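Every number here is computed from the coordinates shown, using simple stated rules; none is lab data. In this text the structure is predicted, and so the values were computed from the model without any measurement. With ideal geometry, Cβ positions are generated from the backbone for all residues, glycine too; neighbour counts draw on all protein chains shown.
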Amino acid sequence: MPVELCGLSVLAIAKILSVAFLSIVFLQSGIDKVNNWSGNLSWMRDDHFAKTPLKKFVPMLLGVLTLLEITAGVLGGVGIVVFLTGGTGAFMLWGAIFSAISLICLFFGQRMAQDYPGAASLVPYFILSIIAIVLFGIPM
């Protein structure tokens with residue numbers, strides 16, 4: 001007999017918690033980029049990516065990354081609410097997918113900047129996003 005808590009299966013709880021974690025990470029990160037746009041842009045252009053081919057693309061890349069992160073966070077958060085009110089987990093799944101895409105973009109940037117410790121610090125988040133995606137492939 002499957003274990004349930006408050007009417008939710010362990011699998012549903014794992015999906016909710018993993019997506020909630022990712023949503024918090026990416027909403028906070030995206031909102032920080034919006035609130036401190038000029039500081040982030042300056043640091044990325046003049047310091048982090050100064051000696052890379054990405055330097056001239058930093059404003060566009062920062063915009064794309066910010067959009068990806070906010071999208072990941074919003075989809076995940078909205079998805080949790082939709083799921084808990086009887087809907088499907090589709091929005092949560094899309095939130096996890098956008099989280100993974102955001103992390104791949106961040107990882108690429110860190111590697112281009114030769115910030116290997118920064119790139120390595122993204123690996124646990126990427127693993128969590130992949131686990132979250134895989135959880136949606138397991139039937140309830």
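A few remarks follow.
- Subset tally (residues that are surrounded by 14 or more Cβ atoms within 10 Å (Cβ to Cβ), in contact (Cβ under 8 Å) with a residue 40 or more places away in the chain and in a helix (DSSP H, G or I)) for region 106-140: 9
- Scan of region 5-53 for residues that are among the charged types (D, E, K, R) and surrounded by fewer than 17 Cβ atoms within 10 Å (Cβ to Cβ), ordered by number: D32, D46, D47, K51
- Flag: V10 does not match the condition of being under 17 Å from the mean Cα position of the chain (by Cα) and among the β-branched types (V, I, T).
Conditions tested, residue by residue: (1) β-branched (V, I, T); (2) within 21 Å of A132 (Cβ to Cβ).
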{"residue": "E4", "(1), (2)": "no, yes"}
{"residue": "V25", "(1), (2)": "yes, yes"}
{"residue": "D32", "(1), (2)": "no, no"}
{"residue": "K56", "(1), (2)": "no, no"}
{"residue": "G63", "(1), (2)": "no, no"}
{"residue": "L75", "(1), (2)": "no, yes"}
{"residue": "I104", "(1), (2)": "yes, yes"}
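- Flag if M92 is under 20 Å from V25 (Cα atoms), under 12 Å from the mean Cα position of the chain (by Cα) and either of a type outside the set (D, E) or surrounded by fewer than 18 Cβ atoms within 10 Å (Cβ to Cβ) (or both): yes
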